[in-house]
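The values are calculated or read from the model by the stated rules, or taken from the named source; none is laboratory data. Everything numeric here is computed off the predicted structure, so don't read it as measured data. Because the Cβ atoms are built from the backbone with ideal geometry, glycine has one as well, and the counts that use them run over all protein chains shown.
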Amino acid sequence: MFKIASASIIGGSLLVGALAACDADQLGRLRPGSSTASEVKAVMGEPTLEWREADGSRVWEYPRTPQGIVNYLVVIGPDDVLREVQQVLTEANFARVSVGMTRDQVRRLLGRPAHETFFPLKRETIWDWKTKVDSGMEWYFNVHFGEDGRVTGSSTNFVPKG
């Protein structure tokens, strides 16, 4: 397993790669349809958030932001067995963000954001998720919220590294 203490020695892109490799190793130990909720927690740790579904299943959030470029939602069935692991930071999910959605709906779709920034002059809050690191750039998907906590739009941007 990658040690956090080593992170200061390694460049940012290597850290992202190490986190991704660590997740791949961990997730490879889980089997939808047979791994139990206890096994998921033993491998992934405690989730940062849990949603309860009407059918008795639970959805657990495992964000890898702000350093990583993935967020996982893990579905545990009412029988306490793993149903699926979803990597939710995808173009398809970004396209599902629409004007009028609540913060809770966006969080449920994309998981915990990497950053939350309030802009007082615009009276706007922006959540962002890092989506890729490429050629010395970090790319972000942004969701803009009005004062009422509802989506007013979305955007993308990049930040040069270094």
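Screening residue 89 on (1) over 19 Å from residue 57 (Cβ atoms); (2) part of a strand (DSSP E or B) shows it passes everything except condition (2). Residue pairs whose Cβ atoms lie under 8 Å apart, separated by 6 or more positions or on different chains, with the first residue in the stretch 111-129 and over 13 Å from residue 154 (Cβ atoms) and the second modelled with pLDDT under 95 and not in a strand (DSSP E or B), are 111/65; 112/65; 114/65; 114/66; 115/66.
Taking the stated definitions as given, is residue 127 of a type in the set (Phe, Trp, Tyr) and farther than 27 Å from residue 34 by Cβ? For residue 127, the condition - of a type in the set (Phe, Trp, Tyr) and farther than 27 Å from residue 34 by Cβ - is met. Would you confirm whether or not the stretch 45-58 contains a residue that is among the acidic types (Asp, Glu), in contact with a Pro (Cβ under 7 Å, 6 or more places away or on another chain), assigned by TED's automatic domain parsing to the domain that holds residue 29 and surrounded by 13 or more Cβ atoms within 10 Å (Cβ to Cβ)? No, every residue in the stretch 45-58 fails to be among the acidic types (Asp, Glu), in contact with a Pro (Cβ under 7 Å, 6 or more places away or on another chain), assigned by TED's automatic domain parsing to the domain that holds residue 29 and surrounded by 13 or more Cβ atoms within 10 Å (Cβ to Cβ). Number of residues in the stretch 85-136 that are more than 17 Å from the chain's Cα centre (by Cα) and buried (at least 17 other Cβ atoms within 10 Å of the Cβ) equals 2. Residues in the stretch 131-148 that are out of contact with any Ser or Thr (no Cβ under 6 Å at 6 or more places or on another chain) and either of a type outside the set (Gly, Ala, Ser) or closer than 15 Å to residue 116 by Cβ (or both): 131, 132, 134, 137, 138, 140, 147, 148.
Scanning the stretch 71-92 for any residue that is in contact (Cβ under 8 Å) with a residue 60 or more places away in the chain and within 26 Å of residue 146 (Cα to Cα) turns up nothing.
Checking 66, 47, 32, 78 one by one, the residue that is in contact with a Gly (Cβ under 8 Å, 6 or more places away or on another chain) and assigned to a loop (DSSP other than H, G, I, E, B) is 78 and no other.
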